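Below is one structure, written out as structure tokens, with a few remarks after it.
The values are calculated or read from the model by the stated rules, or taken from the named source; none is laboratory data. Just so it is clear, the model here is predicted, and its values are computed rather than measured. Methodologically, a virtual Cβ is constructed for each residue, glycine included, from the backbone with ideal geometry; neighbour enumeration extends over all protein chains shown.
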Amino acid sequence: MIKNKVDLLNKYEIDKVRMLNRSGEVLTGKKEVLVCAGTGCMSSKSIKLIENLESAIKDHGLDIEVHGTGCFGFCEKGPIVKVMPDDTFYSEVKLDDALKIVESHLVNGEVYRKKLYVNPLTKKQVETTNEIPFYNKQVRIALSNCGFINAESIDEYIGTTGYQGLAVALEMEPQAVIDVIKESGLRGRGGGGFPTGLKWQFAANNKVETKYILCNADEGDPGAFMDRSILEGDPHSIVEAMIIGAYAIGASHGYVYVRAEYPTAVQRLQIAIEKARELGLLGKNILDSGFDYDMEIRLGAGAFVCGEETALIASIEGERGMPRTKPPFPANKGLWDAPTIINNVETYAVIPEIMKRGSDWFNKIGTPKSSGTKVFALGGKVKNTGLIEVPMGITLREIIYDIGGGMDKGRKFKAVLTGGPSGGCLTEAHLDEPVDFDRLKELGSMMGSGGMIVLDDKNCMVDIAKFYMDFMVEESCGKCTPCREGTIQMWNILNNITSGKAKLKDLDLLKSLAITTLNTSLCGLGQTAPNPVLSTLDYFKDEYLNHIEHNKCDASVCKDLINKYVITDKCTGCTICARNCPTKCIKGERKEMHVINNEDCILCGDCFARCPFDAIKTR
């Protein structure tokens, strides 16, 4: 081993421009413009925005670079543009704003105020990221580079201390690396929360020549995009972490299993792998350590069940993605019967930082049994939707009201679904509960991979349970009877309830089916599929009873229980309902009360959900 492997990376100076918000200090550095080039902002023409900024800068003869980065997280306000090192934050930037930002800010030195973020509490414009409430309670570790570096530049990653975690690991014995991960308390962020270091230990204990390390990037939860954003914004963190893991357990090859629906993530990850290989960070004798390791990408076809580790293994092997009976567990007998470690993207993303900063640093964040941070895709009926990273132990109230900005359109909070289709619904009584692995499970939900959907009083909880059960029916691989038959039978009962055809005894049957499916299914998909049903039955049983006993949906969502929609005198004539009605059955002049032609109404509920004045009722 060489004297100090970190020395091999020191030819890259730390880019002070990028380190601004991670140190909390304004550091000197070259002026540049960062533009979100994550999938969400790209769909809003952020790539064209980059071109417009570059063109305007060139026309004014300025020596300022424009960089596309990963997701800034604040998706509700995208596309986002930041001028560094000032840290000026521009939101909802349009193509026509590019020239104005360049002329005002870069040429004349005056902030372009039209696109500054307005703090909804103070009603005042703010200029920097640190002044925005959305970011104030976040602790960004997995997302630390997302929105700060060009994801396709290995120089920029190394310039922000990238690959130094690997250098530190290669100075240690493999067992010592595993001990650091154990002592950090890191638990798998893919849903189950199994201790990462313990899983690595199981594989390391197998004294065989061939072992594999895999990354599960098969993100299938509706509304979840945590893994995609990390791969798009910081792919080298995954490459570095997998090299560290491979060294620790004695693996020589790895695979990243990512769904083909993520073309940008796949492209940037492939570039990262190739660049790392060119610099000798992948392949033979990595950093003069004598350790050999290489990796490649495997594309998945989008099956939700392939997020289950043994189904993922089967898919990589070229077989149909179906779970296998455990034990044996993959750490003992996995890919091609060799010991195999599988962690998800977010789990890997924090490992380089743990190696650099130590297990004690990570342990001080979060709670005693759930250390570190968790990334959530915050969505639904909340003002500030986007990608957030928060310390474990933060309350649901802090996430929804402090970071999320509270309920959209002033509606009343009803529930929050954590854990995606495998999770459960929690109520207002749970808003002050800490968010960690164990407490969420005790409440009938789960951490899951990180989906968090906020619901208001215009959401029907029976309909929500039906929606997720419909998803599970479609995604069940069909291998085991409890999941294959249990999910469809639960959906049938839920469908009867929402259409006014159910009887009270069906609730007992529904709960019995849910418990049986939970206890007897082969894999995690079937075992967690009943969670939305069980949690809504526990916390919203009155809604089930209203549907069955009174043929009434309080949220006016289940159209078979709705006679018709009517508009009350609360109507202000804002025209929102009329402009969005798919059948154009709503008529009325602006600032005058509207009416609904119920002969043409298809009871889609769009007008009911959109009306900001609660002027639309059902009969």
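Summary of values
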quantity	calculated
Filter pass, Val256 being in contact with a helix residue (DSSP H, G or I) (Cβ under 7 Å, 6 or more places away or on another chain), modelled with pLDDT of 95 or more and closer than 18 Å to Gly190 by Cα	yes
Criterion violated by Gly478 - all others in (1) at pLDDT below 95; (2) at negative phi satisfied	(2)
Flag if Leu431 is under 16 Å from the mean Cα position of the chain (by Cα) and either at pLDDT below 95 or not assigned by TED's automatic domain parsing to the domain that holds Gly188 (or both)	no
Residues satisfying the stated conditions in the range 483-526, i.e. among the acidic types (Asp, Glu), surrounded by fewer than 17 Cβ atoms within 10 Å (Cβ to Cβ) and either under 21 Å from Lys541 (Cβ atoms) or over 33 Å from the mean Cα position of the chain (by Cα) (or both)	Asp508
Residue within the range 63-83 that is without any contact (Cβ under 8 Å) to a residue 24 or more places away in the chain and on the phi < 0 side of the Ramachandran plot present	yes
Residues of the range 264-285 satisfying the condition of being acidic (Asp, Glu) and either more than 17 Å from Gly159 (Cβ to Cβ) or surrounded by 15 or more Cβ atoms within 10 Å (Cβ to Cβ) (or both)	Glu274
Lys207, sole failed condition from (1) basic (Lys, Arg); (2) modelled with pLDDT under 95; (3) crowded, with 21+ Cβ neighbours inside 10 Å	(3)
Residue tally, condition in contact with a Ser or Thr (Cβ under 9 Å, 6 or more places away or on another chain) and either in contact (Cβ under 8 Å) with a residue 60 or more places away in the chain or aromatic (Phe, Trp, Tyr) (or both), over the range 202-214	6
Number of the exception - Lys541 against (1) in contact with an Asp or Glu (Cβ under 6 Å, 6 or more places away or on another chain); (2) within 21 Å of Gly423 (Cβ to Cβ)	(1)
Near pairs, Cβ below 7 angstrom, 6+ apart or cross-chain, from the range 547-563 (under 17 Å from Phe608 (Cβ atoms)) to any residue that is surrounded by fewer than 16 Cβ atoms within 10 Å (Cβ to Cβ) and of a type in the set (Lys, Arg)	Asn563/Arg619
Residue identified as part of a helix (DSSP H, G or I), farther than 25 Å from Cys41 by Cα and free of Cβ contacts under 8 Å to residues at least 12 places away in the same chain among Glu353, Glu319, Glu274	Glu274
Residue in the range 393-410 that is of a type outside the set (D, E, K, R), buried (at least 20 other Cβ atoms within 10 Å of the Cβ) and touching a Ser or Thr at 6+ places or on another chain (Cβ under 7 Å) present	no
Condition broken by Gln267, with the remaining ones in (1) in a helix (DSSP H, G or I); (2) farther than 23 Å from Arg298 by Cα satisfied	(2)
Any chance Asp436 is crowded, with 22+ Cβ neighbours inside 10 Å, out of contact with any helix residue (DSSP H, G or I) (no Cβ under 9 Å at 6 or more places or on another chain) and either outside the structural domain of Leu525 (by TED's automatic domain parsing) or in contact (Cβ under 8 Å) with a residue 12 or more places away in the chain (or both)	yes
Hits in the range 325-350 (condition: outside any loop (DSSP other than H, G, I, E, B) and among the aliphatic types (A, V, I, L, M))	Leu335, Ile341, Ile342, Val345, Ala349, Val350
Residue match in the range 360-383 (condition: of a type in the set (Val, Ile, Thr), surrounded by 24 or more Cβ atoms within 10 Å (Cβ to Cβ) and either in contact with a Phe, Trp or Tyr (Cβ under 6 Å, 6 or more places away or on another chain) or part of a loop (DSSP other than H, G, I, E, B) (or both))	no
Matching residues, the range 196-255, being part of a loop (DSSP other than H, G, I, E, B) and under 27 Å from the mean Cα position of the chain (by Cα)	Asp218, Glu219, Gly220, Asp221, Pro222, Gly223, Ala224, Phe225, Asp234
Residue among Tyr157, Tyr117, Tyr135 that alone is touching a residue at least 40 places away in the same chain (Cβ under 8 Å) and assigned to a strand (DSSP E or B)	Tyr117
Candidates Val168, Val177 - the one that is in a helix (DSSP H, G or I), in contact with a Lys or Arg (Cβ under 7 Å, 6 or more places away or on another chain) and not acidic (Asp, Glu)	Val168
Residues within the range 166-196 that are among the small types (Gly, Ala, Ser) and crowded, with 23+ Cβ neighbours inside 10 Å, tallied	5
Members of the range 566-581 found to be within 36 Å of the chain's Cα centre (by Cα), outside any helix (DSSP H, G or I) and either under 13 Å from Phe608 (Cβ atoms) or free of Cβ contacts under 8 Å to residues at least 12 places away in the same chain (or both), listed by number	Cys581
The lone exception for Asp86 - which of (1) assigned to a helix (DSSP H, G or I); (2) over 19 Å from Asn52 (Cβ atoms) it fails	(1)
Which listed residue is under 19 Å from Val177 (Cα atoms), in the same structural domain as Pro195 (by TED's automatic domain parsing), out of contact with any strand residue (DSSP E or B) (no Cβ under 8 Å at 6 or more places or on another chain) and of a type outside the set (Asp, Glu), from Pro327, Pro352, Pro339	Pro352
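Listed here are the residues, each with its yes/no results for (1) touching an Asp or Glu at 6+ places or on another chain (Cβ under 9 Å); (2) under 22 Å from Gly420 (Cβ atoms); (3) not assigned by TED's automatic domain parsing to the domain that holds Ser422.
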residue	(1), (2), (3)
Ile273	yes, no, yes
Ala276	yes, no, yes
Phe291	no, no, yes
Glu296	no, no, yes
Phe304	yes, yes, yes
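Yes or no, residue by residue, for (1) crowded, with 21+ Cβ neighbours inside 10 Å; (2) among the basic types (Lys, Arg):
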{"residue": "Val533", "(1), (2)": "yes, no"}
{"residue": "Lys541", "(1), (2)": "no, yes"}
{"residue": "Asn546", "(1), (2)": "no, no"}
{"residue": "Lys559", "(1), (2)": "no, yes"}
{"residue": "Lys564", "(1), (2)": "no, yes"}
{"residue": "Asp569", "(1), (2)": "no, no"}
{"residue": "Gly573", "(1), (2)": "no, no"}
{"residue": "Ala578", "(1), (2)": "no, no"}
